[in-house]
1. Looking at K52 and the list (1) modelled with pLDDT of 90 or more; (2) open to solvent by 80 Å² or more (accessible area, probe 1.4 Å); (3) closer than 30 Å to R106 by Cβ, which single condition is not satisfied?
2. It is to be established whether one or more residues within region 7-29 are open to solvent by less than 50 Å² (accessible area, probe 1.4 Å) and touching a Phe, Trp or Tyr at 6+ places or on another chain (Cβ under 9 Å).
3. From V24, V41, which residue is in a helix (DSSP H, G or I), modelled with pLDDT of 95 or more and out of contact with any Pro (no Cβ under 8 Å at 6 or more places or on another chain)?
4. Please verify whether region 87-107 includes one or more residues that are out of contact with any Leu (no Cβ under 8 Å at 6 or more places or on another chain) and over 21 Å from E48 (Cβ atoms).
5. Could you list all residues from region 113-151 that are modelled with pLDDT of 85 or more, touching a Gly at 6+ places or on another chain (Cβ under 9 Å) and surrounded by 12 or more Cβ atoms within 10 Å (Cβ to Cβ)?
Amino acid sequence: ARLEGVERDIAELDRRREYLARTVELLDAFKKHVVARIRPVLAATTSELLDKLSSGRYSQVEIDEDYAIKVLDDGQAFGLERFSGGEEDMVNLCLRLAISQLIAERSGAGGLNMVVLDEIFGSQDPERRRSILLALNGLSGIFRQILLITHIEDVRESVSAVVQVSAVEGGASV
């Protein structure tokens, strides 16, 4: 009787294992389906932003199944390692903004409608900073609030509101 009980338990565990394995397969297939649908839109949105930020120098990116990014330069696709640190940062910023934009658009009126960008200007020259600020201004129709955290002084003159945080005695900030 005990052996039969153990065999029933084993059979039940086998059924549960098969059920869980099938669930994993279905979730994996669903993930691939979602990825296949969103990747082209994400690449197109990233490409539009990159075109603006690079002043037309780079106008198209490709995103593969593993979300590795390639940038087209003179008709040939290159991985990010080929580009300078500032260009790589710019492409990654465009991808992050594209993801944020797609989430905001798909979330409807109930979405957060805000994006926070921390120290995105450090590797950019003044001209590229201006391009980024113009592109961010163009996103104001999608994001009601765009918060920039930066130590770059000339950015202050290009934004509508500034909150300055300064250290005071005792390690506090005001």
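1. With (1) modelled with pLDDT of 90 or more; (2) open to solvent by 80 Å² or more (accessible area, probe 1.4 Å); (3) closer than 30 Å to R106 by Cβ applied to K52, the lone miss is (1).
2. no
3. Unique residue meeting the criteria: V24.
4. No, there is no match, as no residue in region 87-107 is out of contact with any Leu (no Cβ under 8 Å at 6 or more places or on another chain) and over 21 Å from E48 (Cβ atoms).
5. T150
The values are calculated or read from the model by the stated rules, or taken from the named source; none is laboratory data. Computed from a predicted model, the values in this text were never measured in an experiment. Because the Cβ atoms are built from the backbone with ideal geometry, glycine has one as well, and the counts that use them run over all protein chains shown. Keep in mind that these areas ignore ligands, DNA and RNA; they rest on the heavy atoms of the full protein, side chains included. Shrake-Rupley method; radii C 1.70, N 1.55, O 1.52, S 1.80 Å.
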